[in-house]
Each structure stands twice: as C-alpha cells, then as structure tokens.
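Colleague: Questions regarding the structure given below will be posed in turn.
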C-alpha cells in the first residue's frame, strides 16, 4: 500500500511594520523604508535591502506630517533628522518615484 501525500503549498505571511506617523501596522511592502546606515547617513530605501536600523512610513502626506509633528523618526533613530530627509520624503510622495 503506497500512501503518498500531496505536497501542500505554504502561504507566506507578509511581515508587518508600524508606521511612525499613524502608528498602524501594515504590510512591509506597502510602506516607505528610511534606513540609517553604519556611517550614520539616513537614506530612503526603495529596495528594503539596505543594512541598518530602519523606520517605516505610510505613503501618504498625512502620515509624513504626523511623523514630523510627533518626531516619530527622531525617536526611532534617537537623533535629529535633517530637513533634507523630510524634503526627499515629500518628493517621493508627490512624484511616486523613489528619490
């Protein structure tokens, strides 16, 4: 008697991350990743593959404003955030492209 089991396809769960603006948990792929590399430089990470500490934002202007007002990025990285990062994030949101 040959009992063979059919291989079952495993569905992978999408990792969840918390937006530093609104505080909602969302799929990692639906958020914008801001990464702090080893040299201390902040970068917008479109590929989500940069090494280092990261914070995530929803791709909407309201969450960016909330994060700026509540200093969510500053708390995440434990350092002041230069205005250029907020300008680059605003450009990403307006143009839909990774700046």
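Each reported figure results from applying straightforward, stated rules to the coordinates on display, with no laboratory input. This structure is a prediction, so every number in the text was calculated from the model and none was measured.
Colleague: Over the chain, what is the mean sequence separation of C-alpha contacts under 8 Å (at least six apart), divided by residue count, expressed as relative contact order in percent?
Modeller: Values: 133 pairs, mean separation 23.2, N = 99.
For the chain, the relative contact order is 23 percent.
Colleague: I would also like to ask the following. For helix 61-70, what angle does its Cα long axis make with the longest principal axis of the chain, in degrees from 0 to 90 and rounded to 10?
Modeller: Roughly 60 degrees between the two axes.
Colleague: Where does helix 83-95 land angle-wise versus the long Cα axis of the chain, in degrees 0 to 90, nearest 10?
Modeller: Its long axis makes an angle of about 60 degrees.
Colleague: What value in Å³ per residue do you get for the convex hull of the alpha-carbon atoms in the chain? Could you put the intermediate results ahead of the total?
Modeller: Numbers: hull volume 13.5 nm³, N = 99.
Considering the Cα atoms of the chain, their hull volume per residue is 136 Å³.
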